[in-house]
1. Looking at residue 189, is it of a type outside the set (Val, Ile, Thr), within 28 Å of residue 141 (Cα to Cα) and at pLDDT below 90?
2. Out of the residues in the range 312-342 that are among the charged types (D, E, K, R) and under 22 Å from residue 280 (Cα atoms), state the one that is modelled with the lowest pLDDT.
3. Please work out which residue is nearest to the chain's Cα centre (by Cα), limiting yourself to the range 119-176 and to residues that are among the acidic types (Asp, Glu) and surrounded by 17 or more Cβ atoms within 10 Å (Cβ to Cβ).
4. Regarding the range 260-272, can at least one residue be identified that is at pLDDT 90 or above, under 23 Å from residue 291 (Cα atoms) and small (Gly, Ala, Ser)?
5. Could you count how many residues in the range 326-338 are among the acidic types (Asp, Glu) and either touching a His at 6+ places or on another chain (Cβ under 6 Å) or surrounded by fewer than 18 Cβ atoms within 10 Å (Cβ to Cβ) (or both)?
6. So which of 20, 26 ends up being in a loop (DSSP other than H, G, I, E, B) and modelled with pLDDT under 95?
7. Would you check if residue 110 is among the aromatic types (Phe, Trp, Tyr), out of contact with any Gly (no Cβ under 9 Å at 6 or more places or on another chain) and surrounded by 13 or more Cβ atoms within 10 Å (Cβ to Cβ)?
8. Of the residues that make up the range 342-361, is at least one more than 14 Å from residue 151 (Cβ to Cβ) and over 19 Å from the mean Cα position of the chain (by Cα)?
Amino acid sequence: MSKKQMNLVMRGVLAGGESMSTAAEMSNTDGGVAFLVSVHFGAPKNILVNGKPHLGTDKLIPLLRNFRQHLQRLGVTIKFGTRVDDLLIENAHVVGVKVSDSKDKSHQDFQKLGYDAVILAVGHSARDIYQMLLSHNMNLVPKDFAVGLRIEHPQELINSIQYSGLASEVHNGRGKVPVADYKVVKYVSSEDGDALVKLGATSRSCYSFCMCPGGQVVLTSTNPSELCINGMSFSRRSSRWANAALVVNVSTSDFDALNFRGPLAGVEFQREFERRAATMGGGNFVVPVQTVTDFLENKLSATPVPPSSYRLGVKAANLHELFPTHITDTLKHSISMFDKELPGFISKAALLHGVETRTSSPLQIPRCNDTYESTSLKGLYPVGEGAGYAGGIFWGKRKVLDS
């Protein structure tokens, strides 16, 4: 695949290596089958019994290779370096796809592949696909998602907060005690801040997303004028940092407030803040950062800022200038509350990175409840995260199994 179409950018399974579901949640559902299938193709068996199963980005690579080889033995053809440019449609029925080499920017050297049906299982950042669907007058509906910042602490600090005296037993994930993680959520009502009332919102939620103990902050955009980040952990979780996104829910009313309307309003909302983040970072995918303590006091962090796992460079910036006031205020209030739950969460060593915008698909492709077929085009079956029906690795697998 070209870099612009790699899984990390499209928010495929390589983005974090997280199962995003607890064993208890999966054991009573068909999703448990996804765990068994994953183990069959190379995932560690401990994901079947661990309370918080984790694969790791590095473990996903051989798993996917084994799964791919199994499909090929069954007669499935997999076309690498191939981009879907368009749907082939006859009498409002999808009969195939038009594809070209992903390196061919002209899209002139294409092939037409005919099929009885097409399953559309793109990632939530496949914006070119959304645009193509609109050209066929497909019904796309903006949906709620969440945006925010990614916070990074020294892993030793999180271990100390969560384990107290047992923190010395962690040993970078190789000891008797696993590296510590956390999950936090705060509901902020209109009584907690006037900014929420101004936009007519009665409440907001702020929560941790894709928490990566022993992980690193990674880039998930390819356009230098747009900057978006995520987090990941390798299987050993041996990095000296722990990171998690702290995100606030947004809806169509937030899109409207910035004059973004129509099916792609959520996409344009994402782009607005990705462009702001890129500008604040100064270009070349440098990420704007601010210590948590300075963010709460609304002041620029002194340089040098605390070290970051992000490899392309960071730059001190006032992240108050990034989001509308109601989002910033929700983040500030929630962080203060998180510190009461996790004393030490607010630390001079904690660094906020901007910006996290792609927590889930910004739209949904309507489909029939019983057949999963598109309501706009016969023969097209939108599934997975890009279609707005799943999020996370095993949740996506569960949805595929359900269908």
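The values are calculated or read from the model by the stated rules, or taken from the named source; none is laboratory data. Quick caveat: nothing in here was measured; it's all calculated off a predicted structure. For neighbour counting, all protein chains shown are included, and Cβ atoms are generated from backbone atoms with ideal geometry for every residue, glycine included.
1. yes
2. Step one: of the range 312-342, the residues among the charged types (D, E, K, R) are 315, 321, 329, 332, 339-341.
Of the ones still in play, those that are also under 22 Å from residue 280 (Cα atoms) are 315, 321, 329, 332.
Details: 315: 98, 321: 96, 329: 93, 332: 96.
By that ranking, first place goes to 329.
3. Kept after step one, since they are among the acidic types (Asp, Glu), are these residues of the range 119-176: 128, 144, 152, 156, 169.
With surrounded by 17 or more Cβ atoms within 10 Å (Cβ to Cβ) added as a condition, the list becomes 152, 156.
Values: 152: 16, 156: 25 Å.
Checked the range 119-176; the qualifying residue nearest to the chain's Cα centre (by Cα) is 152.
4. No, that holds for no residue.
5. 0
6. The conditions single out 20.
7. Against the criterion (among the aromatic types (Phe, Trp, Tyr), out of contact with any Gly (no Cβ under 9 Å at 6 or more places or on another chain) and surrounded by 13 or more Cβ atoms within 10 Å (Cβ to Cβ)), residue 110 qualifies.
8. Yes, there is a match, as at least one residue in the range 342-361 is more than 14 Å from residue 151 (Cβ to Cβ) and over 19 Å from the mean Cα position of the chain (by Cα).
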